[in-house]
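Let me begin by presenting the structure, written as structure tokens, before commenting on it.
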Amino acid sequence: MTDRPLEDLVLGLAEIDADHAASIALWKTARDAGPAAFPAALAAWVDHLEAHFDREEALMRRIAYKEIAHHEAEHRRVIAEGRGFVAQVAAGRTMMARAYAAEMVPDWFRRHVVMFDSEVARVARLAGVA
Ligand SMILES: [Fe+2]
Ligand SMILES: [Fe+2]
């Protein structure tokens, strides 16, 4: 997969694109945070991600999206993973969470948008969602 900037992964659906832009900004804040700011920044990234996923799932229900169960399961997996890292950081263990923020998040985000969200956007546009 190419390494183009995450900001370039625009799907042409205002609602999803706005959430993705906010997710990217919060991820960068967490990635670049110093030790004092990192715990709250990581939690803010996961909190927003959960709200972003809820909105995406509501959209999928609105358009009767057929692959919703698979997509929702992936969302739940990622939230559980993120919450696990937030808990580790709260317990004073930051090394894995730092690697997660620096390495795993951007790879996952790119893959998720291309493999999951782009298809939702395509079907939503066909259903007349702007
Ligand atoms: Fe998604
Ligand atoms: Fe998304």
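Residue farthest toward the positive end of the dipole of the chain, with Cβ of Lys/Arg at +1 and Asp/Glu at -1: which of Ala30, Ala91, Ala18?
About the Cα centre, the residue reaching furthest to the positive side is Ala91.
Rounded to the nearest 20 Debye, what is the dipole magnitude of the chain about its Cα centre when Lys and Arg each give +1 and Asp and Glu each give -1 at the C-beta? Kindly include the intermediate steps, with their values, before the conclusion.
Numbers: 16 positive and 20 negative charges, 37 e Å.
The dipole magnitude comes to about 180 debye.
Can you tell me what the convex hull of the Cα atoms of region 46-96 projects to on average, as an area in nm²?
Values: hull surface 14.2 nm².
Computing the convex hull of the Cα atoms and averaging its projections yields 3.6 nm².
Remind me, what semi-axes does the chain give for its equivalent ellipsoid, largest first in whole Å, using sqrt of 5 times each Cα gyration tensor eigenvalue?
Numbers: eigenvalues 151, 45, 29 Å².
Over the Cα atoms of the chain, the ellipsoid semi-axes are 27, 15, 12 Å.
With springs connecting C-alpha atoms under 10 Å apart, model the chain as a Gaussian network and identify which of Trp108, Trp45, Trp27 has the largest mean-square fluctuation.
Highest fluctuation among the options: Trp108.
What list do you get for Ser23, Ser118 if you sort them by fewest beta carbons within 10 Å? Intermediate results must be reported in sequence, preceding the final value.
Details: Ser23 20, Ser118 16.
Fewest to most other Cβ atoms nearby, the residues stand as Ser118, Ser23.
Tell me, in nm to one decimal, what length is gained between Ala37 and Ala102 on full extension, where the rule is 0.36 nm per residue of separation less the Cα-Cα distance?
Working: separation 65, 0.36 × 65 = 23.40 nm, distance 1.52 nm.
Result: 21.9 nm gained on full extension.
Only the coordinates and a few stated rules stand behind these numbers; no lab work does. This structure is a prediction, so every number in the text was calculated from the model and none was measured. Positions of Cβ are generated from backbone atoms using ideal geometry, with glycine treated the same way; all protein chains shown enter the neighbour counts.
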